[in-house]
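Chemist: Starting off with a structure, shown below.
The values are calculated or read from the model by the stated rules, or taken from the named source; none is laboratory data. From a predicted model like this one, the values you see are computed outputs, not experimental measurements. A quick note on method: Cβ atoms are made from the backbone with ideal geometry, for glycine too, and the neighbour counts reach across all protein chains shown. These area figures cover heavy atoms from the full protein model, side chains too; ligands, DNA and RNA do not enter into them. Shrake-Rupley method; radii C 1.70, N 1.55, O 1.52, S 1.80 Å.
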Amino acid sequence: MARKLKCARCGVDLEMKKIDFKYFEVEIAKEIPCCPSCGQYFIDQELAEGRMRAAEMELEDK
Amino acid sequence: MGAIGKMTTEQKQIIGKTRSICPICGKQIAAERVKIGEEIFLEKTCPKHGFWSTVIWRGPVNFLEWIGESAALGDDENLGCPYDCGICGEHRQQTCCVLYEVTCRCNLACPYCFAEGGLGDDIPMEQIKADLARLIKPGQTFLQLSGGEPTVRDDLPQIIRLAREMGCKYIQVNSNGLRFADDEPYLAACAEAGLSFVFMQFDGTSDEIQIAMRGEPLLERKKQAIDNCAKYKIGVTLVPTLVPGVNTDDIGNIIRFGSSLSPTVRGVHFQPVSYFGRYPEPPANADRFTLGELLAALPLQTDNGVKLTNIAPSHCDHALCGFHSSFIVRHDGSLLALTRRDSGGCCCGATTAEQNREYIGRRWQRSADESPCPEDADDFEKFLNEARVYSFTVTAMAFQDAYNLDIERLRQCSLHVYDEGRIKPFCARYLTLSGGQA
Ligand SMILES: [Zn+2]
Ligand SMILES: [Zn+2]
């Protein structure tokens, strides 16, 4: 992270936190920025449309 | 088995209607799916040749739930099936894979064999060239080179090269693997010519089973064939023909054997025995192993490594024709399931043949890049890498014969055979009537 991101809702600095993404029987852990106050986490576009989308494709039934 | 006499005294419940053929005269006739106790039968009566009842499902897996909302045959639909086939305008599915026989010769004489092995002359290369030019759609075609045993032809590498040059997307050889075990330069030539993967007949993990099925103790040569394929990065899918009492207790062992050889072995493709070719008398129901029994056996024999919730009925073909299930083989050898069966209520309908072809082709082919992830890769990247390299599928296809043929299934078939200029569904092409008449 080059810049410190702030939560749009709370105005608090985001902190990196390990999140478990669960897809059926598959669990993938990834550190992503979270708001320590409201718990919302932020997935950047590159992750969402890249690796995350590709992982979902593997798990989709065709 | 005195079972048939006993069953008639039990309550019969009609749970579906379709059409089939008379196994003697071949005439299309009405058929019913009938539940008797825990078993489902396909029952039909020919006005001339009488009543036929063939088991199509056994075991605890719910039949109606499994088939879901498949489109029933309309009264005026597919009346010419399978005789007008080629494929007709009423066929409901595109071609997923097309099978092409390059020879009818074989180097084994199996007690259980689909192909009517014979001598006969091989198709000349010029004819093959003309046939392939007709059937290949560049960038799309998934070609299965079959036989007989295709590796009895010394010019198989040239055929593969030809198909590759014509733009075949996937080229699979259906083989017993013996020549690949004994003749490494031949396999090297096939690989170099553009072979994508091998569909290898593999009926069991013991020589006892190999002898019962193929008449010879073939296990060591099968292992050698897989070793050789590993050297040339050719993926292998193991294909057991399941015969009750012969290898139906070996289902879990075959999956364990296959997954222990990941990434060379890409999966296991089960085929419950069907009765093509000449048989002196109709096969008894005890000689059949239904898809329902296979589904029930998978979790039992794999210590729940393959669970029912991981297995999805075929969307490309009919649900009674097969299923698929995709896994990653983890470092400890266990299977991580990627497939989840929709718990009913699916609205998306059938899968296109193209989707199915890519799903299967991508998994049966070894990954071109098997290098491990870089140190700093995140868990998403590691997952994607493993899913590509250590992919393992458990699939099945239940072929139909004259006794259990169901037109509702046949019209949705996506596995096609090139037959003298025409494309026919597999089970229509190999259909033989009781007298041996094709
Ligand atoms: Zn917040
Ligand atoms: Zn008849």
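Chemist: Longer than 32 Å from Cα to Cα, which of B:Lys17/B:Lys424; B:Lys27/B:Lys137; B:Lys307/B:Lys382; A:Lys17/B:Lys233; B:Lys27/B:Lys222 are they? Say none if no pair is.
Modeler: In this structure, B:Lys27/B:Lys137; A:Lys17/B:Lys233; B:Lys27/B:Lys222 lie more than 32 Å apart at Cα.
Chemist: Could I ask something else about it? Please express the shape of chain B as an equivalent ellipsoid: the semi-axes are the square roots of 5 times the eigenvalues of the C-alpha gyration tensor, given largest first in whole angstrom.
Modeler: 33, 26, 22
Chemist: Which residues does the label zone of B:Asp207 cover in the range B:214-253, counting backbone N under 15 Å from a point 7 Å along Cα→Cβ?
Modeler: The answer is B:214-224.
Chemist: Take the alpha-carbon centre of the range B:370-399, take the same for the range A:3-35, and report the distance between them in whole Å.
Modeler: 25
Chemist: Here is a follow-up. Quick check: the angle from helix B:156-165's long axis to the longest principal axis of chain B, C-alpha only, nearest 10 degrees?
Modeler: That works out to roughly 90 degrees.
Chemist: With everything on Cα atoms, drop me the angle between helix B:353-364 and the longest principal axis of chain B, reported from 0 to 90° to the nearest 10.
Modeler: Rounded to the nearest ten degrees, it is 50.
Chemist: Peptide B:378-387: average number of partner chain Cβ atoms within 10 Å per residue?
Modeler: 6
Chemist: To the nearest µm²/s, what D does Stokes-Einstein give for the range A:15-61 at 25 °C and 0.890 mPa s, using the Kirkwood radius over alpha carbon pairs as Rh?
Modeler: Estimated via Stokes-Einstein, D reaches 212 µm²/s.
Chemist: What number results when the radius of gyration of the protein assembly as shown, computed over Cα atoms, is divided by 2.2 N^0.38 Å?
Modeler: 1.05
Chemist: Among DSSP bridges having both ends in the range B:230-343, what percentage is antiparallel? Round to the nearest 5.
Modeler: 50
Chemist: Right, here's the next one. Given the C-alpha centroids of the range B:255-298 and the range B:138-191, what is the distance between them in whole angstrom?
Modeler: Cα centres, the range B:255-298 to the range B:138-191: 24 Å.
Chemist: Below 8 Å between Cα atoms, with a sequence gap of 6+, how large is the relative contact order for chain B in percent?
Modeler: Taking the mean separation of contacting Cα pairs over the length of chain B, I get 19 percent.
Chemist: Counting only the heavy atoms of the protein chains, how much of B:Leu73 is accessible to a 1.4 Å probe, in Å² to the nearest 10?
Modeler: Per-residue accessible area (B:Leu73): approximately 30 Å².
Chemist: A further question follows. Can you give the angle from 0 to 90° between the axis of helix B:219-231 and the longest principal axis of chain B, with both taken from C-alpha atoms, to the nearest 10?
Modeler: 50
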